[in-house]
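**Student:** Please see the structure below; I have some questions.
The values are calculated or read from the model by the stated rules, or taken from the named source; none is laboratory data. Note that the coordinates shown come from a computational prediction; the quantities given were computed from them, not determined experimentally. Using ideal geometry, Cβ is built from the backbone for each residue, glycine included, and neighbour counts are taken over all protein chains shown.
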């Protein structure tokens, strides 16, 4: 008697606690190459524009680093220690 009740309880618990994914429907559309986006416009023109932008950002970064180092060395905020100190004491 108890074993039958235990068996029924296990079956019901497993049946009710299973997660089902029924919200997506029965079938998915088949993906084809026609579903992919098609590139538009001239690739080389867009590439040249991107490279011009990236090179401008690179030049601005180099100029800012060099000018920052120059300003720090001229105002004695930073010393680059090109020569050893006069005394070691």
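**Student:** Against the definition (out of contact with any helix residue (DSSP H, G or I) (no Cβ under 7 Å at 6 or more places or on another chain) and at pLDDT 85 or above), how does residue 43 come out, yes or no?
**Tutor:** Here the answer is yes, as residue 43 does meet what is asked.
**Student:** Tell me which residues, restricted to the range 39-83, are within 24 Å of the chain's Cα centre (by Cα) and part of a loop (DSSP other than H, G, I, E, B).
**Tutor:** Once the filter is applied, which keeps residues that are within 24 Å of the chain's Cα centre (by Cα) and part of a loop (DSSP other than H, G, I, E, B), the range 39-83 yields only 39.
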